[in-house]
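Everything below concerns the one structure shown next.
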Amino acid sequence: MMGGQGVGKGTFSKMLCERHDFNYIETGAILRNAPADSEIGKTIAAGNLIPDEMTFALMREKITPGRDIILDGFPRTLAQAKWLVENYANDYNIHVLYLNVPEEILVQRINKRIREGGRRRDDASPDVIRRRLDTFRKITIPAIEWLRTAPRIRFSDIDAHGDARDNFAEILVALKS
């Protein structure tokens, strides 16, 4: 499950888990639970990405064979996308669901999350939110573009700017295709 911050990756992943027994790996939540004074905590608070090698170690630990998986928030970099395909495409039927939403809508959704009391440590300020969206555009979009045509995987570009019900219906259609 890929997309910018505030696109609904967590919401839709949880909805899918209600329909199927997935091993749900929410990378962002795992990283956000790191102590604020740790290297990971400080990196996240600044709106930056965790180094790939640390993320690879985390993923190796969390991905278990024999069970379908939803990866929420991974991969985020081109190196992570290539690592995922190189290490797991032979063992899993990888299907990337890219939840595609214009940046202005992402900002609206993050602000709504904050207003409704769902503020997370990584929603700390407008500057951090903007830096996270800039990072998504500069670092994650190239990974998404590579995954569009990567070997041995499926890729679905889902227009997710509508309401949650319609977006989830589109996700289900993509998974059946």
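Figures for the structure shown
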| read-out | value |
| --- | --- |
| Residue within the range 120-129 that is surrounded by 17 or more Cβ atoms within 10 Å (Cβ to Cβ), out of contact with any Phe, Trp or Tyr (no Cβ under 7 Å at 6 or more places or on another chain) and free of Cβ contacts under 8 Å to residues at least 40 places away in the same chain present | yes |
| Residue in the range 91-107 that is over 24 Å from residue 50 (Cβ atoms) and in a helix (DSSP H, G or I) present | yes |
| Residue list for the range 57-78, filter: assigned to a loop (DSSP other than H, G, I, E, B) and not basic (Lys, Arg) | 63, 64, 65, 66, 68, 73, 74, 75, 77 |
| Among residues of the range 1-56, those that are charged (D, E, K, R), part of a loop (DSSP other than H, G, I, E, B) and under 22 Å from residue 69 (Cα atoms), counted | 1 |
| One residue from 147, 106 being in contact with a strand residue (DSSP E or B) (Cβ under 9 Å, 6 or more places away or on another chain) and closer than 22 Å to residue 69 by Cβ | 147 |
| Pairs, first in contact (Cβ under 8 Å) with a residue 60 or more places away in the chain in the range 48-61, second surrounded by 13 or more Cβ atoms within 10 Å (Cβ to Cβ) and in a helix (DSSP H, G or I), C-beta under 8 Å, six or more apart | 48/131; 48/135; 49/43; 49/135; 49/139 |
| Residues being in contact (Cβ under 8 Å) with a residue 60 or more places away in the chain, out of contact with any helix residue (DSSP H, G or I) (no Cβ under 6 Å at 6 or more places or on another chain), exposed (fewer than 14 other Cβ atoms within 10 Å of the Cβ) and not hydrophobic (A, V, I, L, M, F, W, C) - total across the range 138-177 | 2 |
| Any hit, the range 101-111, residues being closer than 24 Å to residue 154 by Cα and at pLDDT 90 or above | yes |
| The range 31-44, residues that are surrounded by fewer than 16 Cβ atoms within 10 Å (Cβ to Cβ) and either among the small types (Gly, Ala, Ser) or within 15 Å of residue 80 (Cα to Cα) (or both) | 36, 38 |
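The values are calculated or read from the model by the stated rules, or taken from the named source; none is laboratory data. Computed from a prediction, not measured in an experiment: that's the story for all the values here. With ideal geometry, Cβ positions are generated from the backbone for all residues, glycine too; neighbour counts draw on all protein chains shown.
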